[in-house]
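Heads up, the thing below is written out as structure tokens.
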Amino acid sequence: MARIKRAVHARKRKKTLFKLAKGFRGGRSRLLRTAKEAVDRAGVYAYRDRKVKKREFRKLWILRINAAARLCGTTYSQLINSLNKAGIVMDRKELADLATNDMPAFESIVKQAQTTA
């Protein structure tokens, strides 16, 4: 039975770990155990925040739609309700984009939703 030497694999693992820890401050980028903990924690945050990012963007879109809707004399909830009743299918991302970049188009959608609802 031959003895198994681990040097190549261990060096490869350390190298990839330190590459992931690049940019961390102090021992978090230089010490093996600390870097390992820091990279694991960073991975947890990254996983969680990929979900949080979706929530944050939806919140931002709703804020923008609400602000534009109030300029048109309605509220966000009334606008969404009238859009649903009128059968106008637009997601919040598109509505927010129209509200910020093309106000006349947004106003026409609001009017159309209110007249058909």
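A short reminder: the numbers here are calculations on the coordinates, not readings from a lab. The shown structure was predicted, so the numbers you read here are calculated from the model rather than taken from an experiment. Reconstructed Cβ throughout: ideal geometry from the backbone, glycine too, with neighbour counts over all protein chains shown.
Specify which of the listed residues (S82, S108, S77) is surrounded by 14 or more Cβ atoms within 10 Å (Cβ to Cβ) and either touching an Asp or Glu at 6+ places or on another chain (Cβ under 7 Å) or assigned to a helix (DSSP H, G or I) (or both). Selected residue: S82, the only one of S82, S108, S77 that is surrounded by 14 or more Cβ atoms within 10 Å (Cβ to Cβ) and either touching an Asp or Glu at 6+ places or on another chain (Cβ under 7 Å) or assigned to a helix (DSSP H, G or I) (or both). Looking only at the range 1-25, residues that are over 26 Å from the mean Cα position of the chain (by Cα), surrounded by fewer than 12 Cβ atoms within 10 Å (Cβ to Cβ) and either assigned to a helix (DSSP H, G or I) or aromatic (F, W, Y) (or both) come to 8 in all.
Evaluate the following for R28: is it surrounded by 15 or more Cβ atoms within 10 Å (Cβ to Cβ), touching a residue at least 24 places away in the same chain (Cβ under 8 Å) and among the basic types (K, R)? In short, no. Quick check: anything in the range 37-55 under 30 Å from Q112 (Cα atoms) and assigned to a helix (DSSP H, G or I)? Checking the range 37-55: at least one residue is under 30 Å from Q112 (Cα atoms) and assigned to a helix (DSSP H, G or I).
Among the residues of this structure, A113 does not count as one that is in contact with an Asp or Glu (Cβ under 9 Å, 6 or more places away or on another chain) and crowded, with 17+ Cβ neighbours inside 10 Å.
Within the range 1-29, the set of residues being out of contact with any helix residue (DSSP H, G or I) (no Cβ under 8 Å at 6 or more places or on another chain) and among the charged types (D, E, K, R) comprises R3, K5, R6, R11, K12, R13, K15, K19, R25. Looking only at residues in the range 95-105 that are loosely packed, with under 13 Cβ neighbours inside 10 Å and assigned to a helix (DSSP H, G or I), which one is nearest to the chain's Cα centre (by Cα)? Out of the qualifying residues, it is N101. Regarding I88, is this residue surrounded by 11 or more Cβ atoms within 10 Å (Cβ to Cβ) and in a loop (DSSP other than H, G, I, E, B)? Considered against the rule, which asks whether it is surrounded by 11 or more Cβ atoms within 10 Å (Cβ to Cβ) and in a loop (DSSP other than H, G, I, E, B), I88 comes out as yes.
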